[in-house]
Amino acid sequence: MIKKLRQIVSKVADARELETALRLVVSGVKDALLADACAVYLIDPSDERLVLGETEGLDRASIGVVRLAVGTGVVSLVREQREVVRSEEVSLHPRFKLFPVTGESQFRAFIGAPIIHRGDVIGVLAIWRKGYRSFDDRDEAFLATAAVQLSGALAGAIVTPASIRLGRSHSPGETYRQGIAGAPGVAIGEVMLPSPLADLSAVPDRRAIDITVEETAFLDAVASVQAQILQSSERMQDILPSESHALFEVYAMLAGDESLTSRVVERIHSGSWAPAALRDTVQELCLQFNEMADERLKERAEDIRAVGRKLLLALRTDQLTPKSFPKRTVLVGDEVSLARIAEVPQDQLAGIVCLKGSVLSHTVVIARSLGIPAVMGLGDISAEGLAGRHVIIDGYMGRVFIDPPPSIVSEYSRFESEERLLATELDNLSDLPTITSDGVRVVLDVNTGLASDIDSGLKVGAEGVGLYRSEFPFMLRQSFPTETEQCAIYRRMLAAFSPRPVVMRTLDIGGDKPLPYFPIDQTNSLLGWRGIRVMLQHPELFLVQLKAMLRANAQYGNLHLLLPMVSTTEEVRDSRAILEQAIDSLRREGIAVKRPPLGIMVEVPIVLFILESLAAEVDFLSVGSNDLTQYLTAVDRGNANVAHLYDPLAPGVLKALHSVVKQANDLSKPVSLCGDLAADPASALLLLGMGFVHLSMAAPMVPRVKKTLRSFSQRRASELFELALELPDGAAVRTMLNRVFEEEGIGGLVRAGR
Ligand code: PEP
Ligand code: MG
C-alpha cells in the first residue's frame, strides 16, 4: 500500500499542471483502493465553495459545475469538521444531499478526507463504492494519508490559467497578498521571472521552426555540458572528497546517455523545439526512476533533473533569456538566488518577491545588503501568472499588491518619494559619530560579501566591516576559487576599508548556503555539516582560504578572523592549529604575516553556557542573532511553514542576547552583534538597552539605525528593554516600539513613508 501511495505522490509532484496533478490523484487513488469513483474538490476562495475539480467514476460533466456551499452534503461536512467522514450507506447519512448531475445515487459506501495545507482546508478527497462492498479501516487510513501527502503537491501545482479559474491565484477582489516582511522599503515595478533558464518546468511548449537547427543545438549543448562537467571535475580533483568528485562523472555520463539523447532527438523530429523536448524527456525519465523499487535508483531522478537543467542552460539561451529588464524590475520566483539577482543591472532592480522562503533566507540577507525591498513566503500563487504584471511591494508590512488600483499606486508613489527624501536627510549623518543623547558612543560597522557592498559601506561612513560573509563570492561561481583568486577578492575588501578593521568570516557553507559545485547530501542540513564543521573536515579548503586571507592582509594589517557555527572549544583549538599552519607556510615563503585577532560567532545556543571557556580561547565575540534565534526557537530559517514562529523580539530571545552581552562585559571580551536584528532600528534600540554598543548591519540600514540611536538616551533604551521583557511576545514588543517611534516623530524609520 505504502509503495502505491509513494508512486502516486511522486507522480503528482512531477506534474506541471493542476489538471494533470488532479487526474493522477483520482485515477491513482481509485485504482489503489478498488473504488468505483474518486473525486477531488477544491475550495474556490472567491466564494468559499467546494468545487468539483476532477473525478473518475462520477459524471465528468459535473466538473467545475458542482459547487458546494457550507452546510450542503456529506463532502462539505468533511470540510467543516476537518476530519474523515466514512459511511456504509451514504444516502442515509443525515447530511446527504443528492446532486443528480454527478450520478452519485448509484453509490453506497463513502469516505471523504480533508486536504489541509498550512492549517487551512483547501479541498476534499473522496471515494465511493457501489453494491455491498464497504470500505475498511485500512482504506480509510490510506485515503487520509493520501490527502495529507498530496496537500503540498496540490497546493504547489497551481500554474495554469485553468487553475486560476479554480481560484488559488490572485483574485480580482483581493487588494494585496500577505507575505512575510523580508527587507524594508517600498517599490513599484514590473514582475520578471528570474530564471526560466534553469527551470525545466518553466519551459513553454513551442513548435520547432527548423528541426535540423533544433537537433544541432541540442547535440551541441550535450557536447558543451559534457566538456564543462569534465573540466570542473579536473579542477576539483585535488580539493573535493572523492564521493563528490564521482558525481561529476555520473553527470557527464548522464548528459550523453543514449536513453536521454535519443528520446530528445525523437521528440524534436516529431516537431517540438529542443527545450520542450528536453523537458518532456527529463520528466519521463524521472517518472521511470521514481517508480523503481531501489531507493538508490530513485535518487537518480534528481541527478537527471540536475543534468536536464545544465543542458537547458547550454541550449539556445537567447530564446529564453530576457533580452532586457524593465526599468523597475521586481524579481519573483519560488526562491531567488544570488546568481539570479546578479543578472539584473543594479539600478533596475526594484524589489524581490519569493513565494517560498522565510525572513532569514539568504535572499533576504542579500536584499538588505543591496537596500532592495523584499517580501518572502508569499505562498501558493503562480509565479508564471505574475510575469509582466505591475506590482507594489511593501517590505515593511510584507505585502504585495498585484495590478493595484490608481489610489494605491498614488499612495505608494508618495511613500516612495518620501522615502527618497528621508534617505537624503539621513545621508547628512554619514560623517557624524553615533552617540546617544546621554553620550554613549556606539560603533556601527557594515556587513559585506558582495563587491557592491564596498561602495555602499564607505558611503554610509561605516567604521569598519563587522562581518564579511566570505561564502558570497563562492556562491557566485561554478567552482571553488583558487588561492590567488580568493586573495584578490579579500585584498580588495581589506584595501577599501583600511585602516578600519575588517572581520572576515571563514566559509560558512552548508545549511541554507549550499554551493552548487559542492553538494552536501544530508537530511537535516541545519543541524549537520555547516560552517566550521565543514572546514575542519576539509582542512585543504580551510588552509587555502586562511592563506589567501593572510596573504591579502600582509599589506594592510586590518584583518580579523571570525569562525562560524562554533559549538565547542575544541573547534577553536583545531582552527587555531590550521591558522598556525597557514602562517608558517606563508612565512616560509618569506611573507611577513601578522597573526590576526581571532573571534567566534555566538550563534549556537550551547555557547551561552560555555562562554567563559570559549572566550578564553579567542579575542572577540560576534553574535549571529539570525542563527541564534533559529536554533533557540527550533525554527528553520528558510521554511515558510514555520516562519510565524520565528520571533527574534520574543522576550525569551531577548533574554538570551542579554545574557551574551552581560557575560562578555563581565569577561572584558569585546562583543558585537552582526545578525539582522542590528539592521532593524527598533530592535537596535533594544540591543543598546541591553548593553550592546557595537553593531554591524547591511550598509543601507546604517543611516536609519544611526538616526535612531542618536535620538534616544541609553537610559531610555534600557527602560524600554526592561519593559519589553514584561510583554507576552515579540508582536507586543514590536507594537510598543512602533508606538515609541511615532511619539518621537521618527515613525518613518520603521514603516513606509516619512
Ligand atoms: C547570523 O547567523 O546572524 C549571521 C550573521 O550569519 P548568517 O546570517 O550569514 O548565517
Ligand atoms: Mg549565521
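Only the coordinates and a few stated rules stand behind these numbers; no lab work does. What you see is a predicted model, and the numbers here were worked out from it, not measured in a lab. When we count neighbours, we look across all protein chains shown, and the Cβ atoms used for this are built from the backbone with ideal geometry, even at glycine.
Derived scalar couplings between HN and Hα for region 503-515 equal 8, 9, 8, 5, 2, 10, 9, x, x, 8, 10, x, 9 Hz in order, rounded to whole Hz, by the Karplus curve 6.51 cos²θ - 1.76 cosθ + 1.60 (θ = phi - 60°), x for Gly and Pro. Near the amide H of residue 464, within less than 5 Å, lie the amide hydrogens of 446, all on another chain or at least 5 residues away, with H placed in the peptide plane. For region 470-596, the convex hull drawn through the C-alpha positions has a volume of 101 cubic angstrom per residue. Of the cross-linked pairs 11/310; 4/97; 4/30; 594/706; 30/356; 669/707, those separated by over 21 Å at the C-alpha level are 11/310; 4/97; 594/706; 30/356; 669/707. Computed 3J(HN,Hα) for region 435-447, one whole-Hz value per residue from the Karplus formula 6.51 cos²θ - 1.76 cosθ + 1.60 where θ = phi - 60°, is 10, 6, 5, 9, x, 8, 8, 10, 8, 10, 9, 10, 8, glycine and proline marked x.
Using 0.36 nm per residue and subtracting the Cα-Cα separation, the extra length available between residue 584 and residue 70 on full extension is 177.5 nm. Cβ crowding within 10 Å, taken as a proxy for footprinting-reagent exposure, orders 375, 12 from fewest neighbours to most as 12, 375.
Of the options 370, 531, 700, report the single residue whose Cα projects farthest towards the positive end of the charge dipole of the chain (beta-carbon charges: Lys, Arg +1; Asp, Glu -1). In the chain, that residue is 700. Relative to the current alpha-carbon distance between residue 413 and residue 536, full extension at 0.36 nm per residue lengthens the span by 39.2 nm. Between residue 213 and residue 120, the modelled labels are 4.5 nm apart [label points 7 Å from Cα along Cα→Cβ].
Placing pseudo-labels 7 Å out from each Cα toward the beta carbon at residue 594 and residue 258 gives an inter-label distance of 6.5 nm. With the cut-off at under 17 Å, measuring from each backbone N in region 619-640 to a point 7 Å along the Cα-to-Cβ line of residue 569 picks out 619-621. As a proxy for reagent exposure, 595, 500 were ordered by neighbouring Cβ count within 10 angstrom, fewest first; the result is 595, 500. Measuring between their Cα centroids, region 582-645 and region 456-524 lie 15 Å from each other. Ordering of 685-693, 697-705, 396-404 by packing is 697-705, 685-693, 396-404, highest average first (other Cβ atoms within 10 Å, averaged per residue).
FRET efficiency for the pair residue 522 and residue 88, taken as 1/(1 + (r/R0)^6) with r the Cβ-Cβ distance and R0 = 35 Å, rounds to 0.15. Applying 1/(1 + (r/R0)^6) with r as the Cβ-Cβ distance of residue 451 and residue 334 and R0 = 22 angstrom yields a FRET efficiency of 0.25.
Along region 618-635 the Karplus relation, 6.51 cos²θ - 1.76 cosθ + 1.60 evaluated at θ = phi - 60°, assigns HN-Hα couplings of 10, 9, 7, 10, 9, 8, x, 5, 5, 6, 4, 5, 4, 7, 5, 9, 6, 10 Hz to successive residues, with x for each Gly and Pro. Projecting the Cα positions of 460, 443, 393 onto the charge dipole of region 341-472 (unit charges on Cβ atoms of Lys, Arg, Asp and Glu, taken about the Cα centre) puts 393 furthest along the positive direction. Would you please give the FRET efficiency between residue 428 and residue 1, computed as 1/(1 + (r/R0)^6) with r the Cβ-Cβ distance and R0 = 60 Å, to the nearest 0.05? So the FRET efficiency works out to roughly 0.30. Spin-label model, residue 500/residue 440: points 7 Å from Cα along the beta carbon direction are separated by 2.2 nm. Find which of 2, 110, 33 sits farthest along the positive direction of the dipole of region 2-165, computed with +1 on the beta-carbon of Lys and Arg, -1 on that of Asp and Glu, about the Cα centre. Positive-most Cα among the choices belongs to 2. Magnitude of the charge dipole for the chain, about its Cα centre and with charges confined to Cβ atoms of Lys, Arg (+1) and Asp, Glu (-1), is about 720 debye. Positive contributions from Lys and Arg (+1) and negative ones from Asp and Glu (-1), summed over other residues with Cβ under 10 Å from the Cβ of residue 36, come out at +4. Estimated at 0.36 nm per residue, the fully extended path between residue 206 and residue 266 surpasses their Cα-Cα distance by 20.1 nm.
Arranged from fewest to most other beta-carbon atoms within 10 Å of their beta carbon, 117, 269, 93 become 269, 93, 117.
Once backbone amide H atoms are built at 1.01 Å from N, residue 673 has 623, 694, 695, 696 as its partners under 5 Å, excluding neighbours fewer than 5 places away on the same chain.
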